[in-house]
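**Student:** Quick one: this structure, given as structure tokens, is what I'll be asking you about.
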Amino acid sequence: MAEWSVNNRACTTLWFTLLNMDQLFTNFDDSGSLTMKDLTFFNPTSSSDARRIEATLISDQLDTTFIEGRGARYEDGIDREAAVASMIDILTDEGKTLEEFATSVDESYLFWEEPQL
């Protein structure tokens, strides 16, 4: 798993985008250990179907922001459908951390000026 770090573009881009979407309100350093249930969209009294719909909307918005707004590209073998599905899986798992989310995002996207391995 990639470490939550200001030097990892997936971490900083995910954090900044979620902050702008009003999904979190913590500084970068304190955000890596947040779980999905700490994000504002996650309503524990909602049905899993309702949370999945919200997660789908958020994942779609994240993908659009990453690709169109932040100049990211999909990693080799990844397309929009796979990237969004991966984000939905993380967002609907209340115990997953933002650090784990960033790792998943990093596996799907190649961010601006990020070296391709």
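Each reported figure results from applying straightforward, stated rules to the coordinates on display, with no laboratory input. Bear in mind the structure is a predicted one, so any value in this text is a computation, not a measurement. Cβ atoms come from the backbone with ideal geometry, glycine included; neighbour counts cover every protein chain shown.
**Student:** For the stretch 56-106, which residues satisfy the criterion of being closer than 20 Å to Ser33 by Cβ and either in contact with a Gly (Cβ under 6 Å, 6 or more places away or on another chain) or free of Cβ contacts under 8 Å to residues at least 40 places away in the same chain (or both)?
**Tutor:** Ile58, Met87, Asp89, Leu98, Glu99, Ser104, listed by residue number.
Residue-wise test of (1) surrounded by 20 or more Cβ atoms within 10 Å (Cβ to Cβ); (2) part of a loop (DSSP other than H, G, I, E, B).
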site: Val6; (1), (2): no, yes
site: Thr26; (1), (2): no, yes
site: Lys37; (1), (2): no, no
site: Glu81; (1), (2): no, no
site: Phe101; (1), (2): yes, no
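**Student:** Mind checking which residues of the stretch 42-55 are closer than 22 Å to Ser108 by Cβ and touching a residue at least 40 places away in the same chain (Cβ under 8 Å)?
**Tutor:** Once the filter is applied, which keeps residues that are closer than 22 Å to Ser108 by Cβ and touching a residue at least 40 places away in the same chain (Cβ under 8 Å), the stretch 42-55 yields Phe42, Arg51, Arg52.
**Student:** Return the residue satisfying two criteria in turn: it lies in the stretch 42-57 and is among the β-branched types (Val, Ile, Thr) and closer than 18 Å to Val84 by Cβ, and of such residues it is surrounded by the most Cβ atoms within 10 Å (Cβ to Cβ).
**Tutor:** Looking at residues that are among the β-branched types (Val, Ile, Thr) and closer than 18 Å to Val84 by Cβ, I get Thr56.
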